[in-house]
Amino acid sequence: MAGISVSDAQTGHLANLVTESTGCGGSRAPWLIHARQGQRIQLTLYDFSLGRRRYTTSQVTSSTASLVTCNAYATVREPFDGRNVTIFGGKSRESLAYTSVSHVVEVAILTGEDGCDTPYFLIKYEGKKETILNS
């Protein structure tokens, strides 16, 4: 597991092509992102494969002749409370993908092992101060 530390307003990017070529940040060795205690981590998806449909070669059904698209790009897990979320692409070029509940998340980039074509995307991570709303 590769560790990344961020503090307020610091940002960085996780590129799926780096995971494809090195294996770092994949499901076997996910990125572990730490912010300061009391901060949250915001993940933003930059999807460069928009308009380029991704299909599995083995999921064409003879009865319906339909193709199944592969839009799952990454999984996010919060170690302290066990939350698991999947980040999906294919909707817009830039989108808020996830904001953590705690100050630590694991991000696993899903690679082309699923039989789908490799998409092109980045996930931006950013430390955010926790905002407390007064009622």
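The values are calculated or read from the model by the stated rules, or taken from the named source; none is laboratory data. Remember, it's a predicted structure, so these values are computed and weren't measured experimentally. A quick note on method: Cβ atoms are made from the backbone with ideal geometry, for glycine too, and the neighbour counts reach across all protein chains shown.
For the reader, a short list of remarks on this structure follows.
- Some residue of the stretch 94-113 being surrounded by fewer than 17 Cβ atoms within 10 Å (Cβ to Cβ), over 15 Å from Y46 (Cβ atoms) and at pLDDT below 90: yes
- Which numbered condition S66 fails, given (1) assigned to a loop (DSSP other than H, G, I, E, B); (2) modelled with pLDDT of 50 or more: (2)
- Residues that are in a loop (DSSP other than H, G, I, E, B) and farther than 12 Å from Y46 by Cβ within the stretch 75-90 comprise E78, P79, F80, D81, G82, R83, G90, listed in sequence order.
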